[in-house]
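A short write-up of the structure that comes next.
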Amino acid sequence: MSGQGDLPFAIRASCCVPGWYIPVTDPEGRQLVDGGLVANIPVTQARDLGADLVIAVDVNSEGAKFLGPPHSVVGILLQTMMVVQRTASIYELKSADLVIRPLVGHIRWDEMARADELITAGYDAAIKVIDEIKELLQSSRQPSSRWYQLRRYRRRPAAAPKKQTPAR
């Protein structure tokens, strides 16, 4: 990842959900779609970019409660995408140092008018784990000891006093 590029193009690609929107094609001929299909919680990518500490946010922890049972091809497609996303996210969630799980499964993905409710749910979920976040941040500031430091600073047991043998 270069950290450079065409931002509007990247946003368009990120909005492309197969079956819903047509994928965009980059100059190399690759068709690009929403990265959430394969890396919904990109912990590995964050670490690849140099992150020492990763706090993930799993907005799908409750599933899409608003969907209900599928009654159409679109409903089946959405349910299938959710299963794929959950499966792809399992490893990433295990790789995170901490996972925040806001309770937002009742809100549809396209309900941007409910942004305040989404923000509040995220805030509430973060407050529940604030002590864990502080602990992680504190422990990440402590430099990790190297093996030679551990050996040097390891407490040695006090030597037993030498027995005095009587002089003859």
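Go through the range 45-69 and give me each residue that's exposed (fewer than 14 other Cβ atoms within 10 Å of the Cβ) and at pLDDT 75 or above.
If the condition is that a residue be exposed (fewer than 14 other Cβ atoms within 10 Å of the Cβ) and at pLDDT 75 or above, then 48, 49, 50, 51, 52, 69 are the ones that fit.
Please determine whether any residue of the range 15-33 is basic (Lys, Arg), in a loop (DSSP other than H, G, I, E, B), open to solvent by 50 Å² or more (accessible area, probe 1.4 Å) and modelled with pLDDT of 85 or more.
yes
What pairs come up if the first residue lies in the range 68-93 and is farther than 20 Å from residue 106 by Cβ and small (Gly, Ala, Ser), the second is assigned to a helix (DSSP H, G or I) and open to solvent by 30 Å² or more (accessible area, probe 1.4 Å), and their beta carbons are under 8 Å apart, counting only those six or more places apart or on different chains?
88/37
Against the condition assigned to a strand (DSSP E or B), aliphatic (A, V, I, L, M) and more than 23 Å from residue 6 (Cα to Cα), how does residue 56 come out, does it pass?
The answer is yes for residue 56.
Within the range 70-104, how many residues are open to solvent by 30 Å² or more (accessible area, probe 1.4 Å) and either under 22 Å from residue 116 (Cα atoms) or among the aromatic types (Phe, Trp, Tyr) (or both)?
Looking only at that region, the number is 3.
The values are calculated or read from the model by the stated rules, or taken from the named source; none is laboratory data. Just so it is clear, the structure is predicted and the values come from calculations on it, not from any experiment. Don't worry about glycine lacking a Cβ; one is built from the backbone with ideal geometry, like all the others, and counts go over all protein chains shown. The area values use the complete protein model at the heavy-atom level, side chains included, leaving out ligands, DNA and RNA. Shrake-Rupley method; radii C 1.70, N 1.55, O 1.52, S 1.80 Å.
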